[in-house]
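What follows draws every value from the coordinates through simple rules; no lab data is involved. The structure displayed is predicted, hence computed values, not measured ones. Using ideal geometry, Cβ is built from the backbone for each residue, glycine included, and neighbour counts are taken over all protein chains shown.
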Amino acid sequence: MKSWMKGMLAASGALLMMGVALTVTGQLMGAKSLEYHNGEWHLNDNKNASLFLEWNDEQAPRSKTEKEFSLEGETIESIKTEDDVTANLVIRQGNAWEISYDLDYPEQFSYQLKGKELKIDYQQPSNSSLDGAEEQVITITVPKDAQLKEIDVALSVGNIEMDDLICQKVEAECSLGNNTVNNLQAEEIELSNSLGNITTQNLTVEKEAKFSASTGNIDADGTFHGNVEVSVDLGNARLIVRGASRNDYELEASSDMGNLVIDGDKMDGEMMGADFQLENGQNRKIQIDSSVGDVEITFEQ
């Protein structure tokens with residue numbers, strides 16, 4: 001099958017998935033509309049909501065609350081979520097272990113500390129609207145000298161932000177929201193989004209880095225000593241590799257429907273896409289592709 005035909009089929013499938021996701025999300029949001037512009041998701045009143053959704057007249061009452069929990073003195077090596085959390089999640093460096101939140105339904109929040117594992121959970125009531133979910137935040141503060149072995153978190157609605165951390169293995173998944181990681185050192189990292197963007201800056205990854213988005217852009221920037229995989233169904237894929245040149249990697253890059261640019265050079269291809277391969281006997285590999293969108297790789301030594 002021609003690559004442009006694959007792109008057309010991928011685009012159709014991605015748009016269908018996005019339509020289903022937005023319909024379900026709209027139903028959860030109590031007849032609100034979801035709009036995406038300038039790289040951000042926005043909730044707005046939908047005057048015609050009654051045409052396609054039923055209002056839920058008995059919504060759970062909100063109780064906006066801010067609270068802090070000190071975990072100073074604890075030895076914590078892993079951070080996980082119990083289920084898909086419905087709030088923004090921030091994990092950042094600070095002076096001591098601490099959990100804080102700003103939530104509409106604080107009674108739904110819980111955390112467990114078993115051994116050296118911290119697990120958090122926050123699920124809005126089933127009869128609540130997700131309007132305002134983007135303003136709810138759970139923050140985990142990690143001390144500078146913490147020896148983290150694993151971060152494994154997942155959100156159904158909300159953004160993930162991680163800043164100034166050292167961790168052996170990182171996995172972060174957003175169903176509806178953005179994934180942003182800055183100044184992080186890891187042996188392995190995997191970031192995935194269904195509907196939203198992935199952005200990284202100043203990553204250092206020793207072994208394997210994977211980034212995938214169904215609908216959204218990926219902008220990954222870092223130093224990668226092992227394999228790198230970047231994959232987008234509908235959106236742009238951009239990768240900045242620091243401290244290396246293209247000759248330091250095996251390279252596979254392709255766009256079924258979009259431009260392919262490597263170090264500023266546009267690659268020619270058939271119809272609406274392009275691909276590029278480089279085999280030079282290296283023991284690390286970069287694979288980057290977009291079904292519908294532009295692909296760009298820049299090497300900065």
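Rounded to the nearest whole Hz, the Karplus-based 3J(HN,Hα) values (6.51 cos²θ - 1.76 cosθ + 1.60, θ = phi - 60°) of region 107-114 follow the sequence 5, 8, 8, 8, 9, 10, 10, 10, with x at glycine and proline. Taken along the Cα-to-beta-carbon direction at a fixed 7 Å, the label points for E252 and E117 span 3.4 nm.
Restriction of the GluC sites (Glu not before Pro) in region 223-301 to DSSP coil positions whose beta-carbon has at most 12 other beta-carbons within 10 angstrom yields E270, E279.
Taking 4 °C and 1.567 mPa s as conditions, region 64-145 diffuses translationally at an estimated 98 µm²/s according to Stokes-Einstein applied to its Kirkwood radius (Cα pairs). The distance between label points at E72 and T298 comes to 4.3 nm (points 7 Å beyond Cα on the Cα→Cβ vector).
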